[in-house]
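The values are calculated or read from the model by the stated rules, or taken from the named source; none is laboratory data. Computed from a predicted structure; not experimentally measured. Please note: Cβ atoms are built from the backbone with ideal geometry, for glycine as well, and neighbour counts cover all protein chains shown.
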Amino acid sequence: MRYYCPRCWKDFSEDHDICPSCGLNIKEFWSQKDRVEKLIIALNHPEGSTRLRAAWLLGKEKDKRALPYLIKACSRDDDLYLVRECIKAIGLIGGDEAKEFLSKMCNHPALMIKNEAQLALLKLKNYKN
């Protein structure tokens, strides 16, 4: 099992209340965050599978606070599986900003990203409140 500091992302073999690398009070830091905030932070985790799960869970949460972070993750990450999961989450969250971003992603050079963006847009257009 590995433990990570959410500020400097150094990893440790044992749990620490204070990061030995950057001095962050990890325990206090996490105690001040709600579930969505923790998932948003996890989008920057060094392990790809953790970023993937965070994006998936943010889609399930459907919290609009996550939208700019999911969009940013799509823009900065070249892991196409993460980008695809972020697009799914963005589609589940919805809204005008999501539609605008998904429309742009319909021109992505990777077919799997383009298809996912088109599918997410289609679902948003067909969804009735």
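For the range 79-106, how many residues meet the condition of being in a helix (DSSP H, G or I), charged (D, E, K, R) and under 16 Å from residue 48 (Cα atoms)? Steps first, please.
Start the filter on the range 79-106 by keeping residues that are in a helix (DSSP H, G or I), which leaves 80-93, 96-105.
Okay, now just the ones that are also charged (D, E, K, R), so 84-85, 88, 96-97, 99-100, 104.
With the extra rule that they be under 16 Å from residue 48 (Cα atoms), the set shrinks to 84-85.
Within the range 79-106, residues that are in a helix (DSSP H, G or I), charged (D, E, K, R) and under 16 Å from residue 48 (Cα atoms) number 2.
Counting just the residues of the range 1-18 that are touching a helix residue (DSSP H, G or I) at 6+ places or on another chain (Cβ under 7 Å) and assigned to a loop (DSSP other than H, G, I, E, B), which one comes out surrounded by the fewest Cβ atoms within 10 Å (Cβ to Cβ)?
Step by step, filter the range 1-18, then rank; the result is 17.
Looking only at the range 81-97, how many residues end up being more than 15 Å from residue 64 (Cβ to Cβ), surrounded by fewer than 23 Cβ atoms within 10 Å (Cβ to Cβ) and not basic (Lys, Arg)?
The qualifying residues number 2.
Does residue 43 count as in contact with a Phe, Trp or Tyr (Cβ under 7 Å, 6 or more places away or on another chain) and at pLDDT 95 or above?
Criteria met by residue 43.
Report, ordered by the first and then the second residue, all pairs with beta carbons closer than 8 Å, sequence separation of six or more or different chains, a first member in the range 69-86 that is under 12 Å from residue 58 (Cβ atoms), and a second member that is of a type in the set (Asp, Glu) and assigned to a helix (DSSP H, G or I).
71/97
Take residue 78 and decide whether it is among the acidic types (Asp, Glu), surrounded by 13 or more Cβ atoms within 10 Å (Cβ to Cβ) and under 30 Å from residue 6 (Cα atoms). Walk me through how you get there before you give the answer.
Numbers: among the acidic types (Asp, Glu): yes; surrounded by 13 or more Cβ atoms within 10 Å (Cβ to Cβ): no; under 30 Å from residue 6 (Cα atoms): yes.
Here the answer is no, as residue 78 does not meet what is asked.
Quick check on residue 21: is it part of a helix (DSSP H, G or I) and among the small types (Gly, Ala, Ser)?
Answer is no for this residue.
Any residue at all in the range 35-46 that's assigned to a helix (DSSP H, G or I), of a type outside the set (Ser, Thr, Tyr), in contact with a Leu (Cβ under 6 Å, 6 or more places away or on another chain) and touching a residue at least 12 places away in the same chain (Cβ under 8 Å)?
Narrowing the range 35-46 to residues assigned to a helix (DSSP H, G or I): 35-42.
If we keep only those that are of a type outside the set (Ser, Thr, Tyr) too, we end up with 35-42.
With in contact with a Leu (Cβ under 6 Å, 6 or more places away or on another chain) added as a condition, the list becomes 39.
After this cut, where a residue has to be touching a residue at least 12 places away in the same chain (Cβ under 8 Å) as well, the list is 39.
Yes, the range 35-46 contains a residue that is assigned to a helix (DSSP H, G or I), of a type outside the set (Ser, Thr, Tyr), in contact with a Leu (Cβ under 6 Å, 6 or more places away or on another chain) and touching a residue at least 12 places away in the same chain (Cβ under 8 Å).
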